[in-house]
Amino acid sequence: MKASRLTRARAPPTLPLLTVGQNVLLGAYPRGHGPGAPRRGPRSRRSFPLLQARWGQPAHTLSGGEQQMVAIARGLMACSTLLMINEPFLGPAPQVVAQISQVITRFNRERGLTIVFIEQNVELALGLAHRGYVLESGRNILDGPSAPLLQSAEVKRHLPWCLGWRARCPVWSPSGAACYDDCQ
């Protein structure tokens with residue numbers, strides 16, 4: 001795989017003096033596909049309806065979760081085969097977590113996009129992922145298919161504070177979105 005086929009979305013994701021739309025469209029330029037960006041722009045707008053409503057707004061006026069959506073949308077603009085995202089669910093409002101979860105799932109399922117994300121919310125991360133890796137002090141201590149890993153005694157033993165928040169959350173959605181920040 002060529003290195004140019006890899007994309008990483010990370011926070012802080014915006015260039016503050018540009019609009020939301022300009023920030024998103026920049027994602028098409030690293031691979032030299034700038035002229036094709038306008039054709040892919042509407043796809044990014046549909047992926048995150050909230051961004052569509054703010055397309056012409058200065059990026060510095062967005063919340064942290066909205067900026068995370070801009071970073072992911074910009075990463076998707078590059079038409080890569082791999083997207084890396086750092087803690088997409090840390091901090092955003094429940095609605096933003098829901099949108100990010102849906103977009104990650106849809107792009108993986110429909111386009112075969114490999115998505116690697118680093119996340120401390122073990123239950124949500126393993127609920128979305130096909131495979132999980134649990135790191136402790138930078139070392140891999142557990143790995144395997146996500147569903148059995150989530151149920152394993154080892155994960156529960158190593159990460160008890162990361163599990164069980166769903167039961168305390170009054171607005172948990174069966175679609176996989178959660179109000180993680182409100183229910184800790």
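Scanning the stretch 3-57 for residues that are in contact with a Ser or Thr (Cβ under 7 Å, 6 or more places away or on another chain), at pLDDT below 80 and either over 23 Å from residue 98 (Cα atoms) or surrounded by fewer than 14 Cβ atoms within 10 Å (Cβ to Cβ) (or both) yields 5, 6, 31. Of all the criteria given as (1) open to solvent by 20 Å² or more (accessible area, probe 1.4 Å); (2) touching a residue at least 12 places away in the same chain (Cβ under 8 Å); (3) not polar (S, T, N, Q), the one not satisfied by residue 103 is (1).
Answer yes or no: is there a residue in the stretch 57-75 that is of a type in the set (A, V, I, L, M, F, W, C), within 30 Å of residue 17 (Cα to Cα) and over 14 Å from the mean Cα position of the chain (by Cα). Yes, some residue in the stretch 57-75 is of a type in the set (A, V, I, L, M, F, W, C), within 30 Å of residue 17 (Cα to Cα) and over 14 Å from the mean Cα position of the chain (by Cα).
The values are calculated or read from the model by the stated rules, or taken from the named source; none is laboratory data. Small disclaimer: the values here were computed from a predicted structure and weren't measured. Cβ: placed from backbone, ideal geometry, glycine included. Neighbour counts: every protein chain shown. Ligands, DNA and RNA are excluded from the accessible area calculation, which covers all protein heavy atoms including side chains. Shrake-Rupley method; radii C 1.70, N 1.55, O 1.52, S 1.80 Å.
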